[in-house]
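These notes concern the structure reproduced below.
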Amino acid sequence: MADKHNVMFVCLGNICRSPMAEAVFKEVIKQRGIADKWYAESSGTGGWHVGCSPDQRTMAVLKKNNIEYQHTAQQLVKDDFHRFDFIFGMDNSNISEINRRKPKGSKAEVFLLGSFDPKGETIIQDPYYDSDNLGFEKCYIQCWKSCNAFLDKYNK
Ligand code: 4NP
């Protein structure tokens, strides 16, 4: 971790969007041959699902795209602001909560993951209460585009 660029993906529950983003990011760095330079985790601002596996719909979309992934939900903690160089939120509510908790002098830069979307689709909507998979499919595509655009800019 010390010699890598460290990125943390954050949503509300850490069972739908941020695990998707973490899994996609790890796949992208693997495909680009830069996995040795980057370290990624995900977490939630809320703690209700700590210890749980990702939502089945997140896992189904990853599987459909041939991405293997395992995760146990965790909550964003203060130390993360010192451990990570980049902290990405999925929506504006995540960003407000991340910035509210950010200690003074922490090194982490906080961004909406979608701020890197080439088409300017900045918000990755919460799909948890949806009755179908569509929001998860869309989340996957948004994560894929934004992770790639972020790496185009920041992978040095
Ligand atoms: P996520 O989705 O933030 O993308 O993991 C949610 C998961 C759980 C809840 C809300 C959003 N919840 O209220 O339990």
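The residues of segment 4-21 that are farther than 17 Å from LYS153 by Cα and either in contact with a His (Cβ under 7 Å, 6 or more places away or on another chain) or surrounded by fewer than 23 Cβ atoms within 10 Å (Cβ to Cβ) (or both), listed by number, are LEU12, GLY13, ASN14, ILE15, PRO19. From the list PHE88, PHE136, the lone residue that is of a type outside the set (S, T, N, Q) and closer than 24 Å to LYS4 by Cβ is PHE88.
The criterion of at least 1 residues that are over 21 Å from THR122 (Cα atoms) and either in contact with a strand residue (DSSP E or B) (Cβ under 9 Å, 6 or more places away or on another chain) or among the polar types (S, T, N, Q) (or both) is met, among helices (runs of 4 or more DSSP H) falling completely within segment 30-106, by 56-64, 80-83.
Residues that are closer than 21 Å to ILE141 by Cα, touching a Cys at 6+ places or on another chain (Cβ under 9 Å) and either within 16 Å of the ligand (Cβ to nearest atom) or among the basic types (Lys, Arg) (or both) do occur in segment 24-33, at least one of them.
Every residue, every condition in (1) surrounded by fewer than 17 Cβ atoms within 10 Å (Cβ to Cβ); (2) among the charged types (D, E, K, R), yes or no:
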| site | (1), (2) |
| --- | --- |
| LYS107 | yes, yes |
| ASP117 | no, yes |
| TYR140 | no, no |
| SER146 | no, no |
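One residue stands out in segment 82-95 among those that are under 20 Å from GLY13 (Cβ atoms) and surrounded by 18 or more Cβ atoms within 10 Å (Cβ to Cβ): the one that is farthest from the ligand (Cβ to nearest atom), namely PHE84.
One line per residue, one yes/no per condition, for (1) within 14 Å of the chain's Cα centre (by Cα); (2) not polar (S, T, N, Q):
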{"residue": "GLY114", "(1), (2)": "yes, yes"}
{"residue": "THR122", "(1), (2)": "yes, no"}
{"residue": "SER131", "(1), (2)": "no, no"}
{"residue": "LYS145", "(1), (2)": "yes, yes"}
{"residue": "LEU151", "(1), (2)": "yes, yes"}
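Selection of segment 34-78 for residues being among the hydrophobic types (A, V, I, L, M, F, W, C), surrounded by 13 or more Cβ atoms within 10 Å (Cβ to Cβ) and within 13 Å of the ligand (Cβ to nearest atom) yields VAL50, CYS52, MET59, VAL61, ALA73, LEU76. Only one entry in TYR154, TYR140 is within 14 Å of the ligand (Cβ to nearest atom) and among the hydroxyl-bearing types (Ser, Thr, Tyr), namely TYR140.
Which members of segment 1-19 meet the condition of being under 12 Å from the mean Cα position of the chain (by Cα) and either acidic (Asp, Glu) or within 8 Å of the ligand (Cβ to nearest atom) (or both)? CYS11, LEU12, GLY13, ASN14, ILE15, CYS16, ARG17, SER18, PRO19, listed by residue number.
Read-outs throughout are calculated quantities, based only on the coordinates presented, and are distinct from any laboratory measurement. Keep in mind it's a predicted model, so treat the numbers as computed, not measured. Cβ atoms come from the backbone with ideal geometry, glycine included; neighbour counts cover every protein chain shown.
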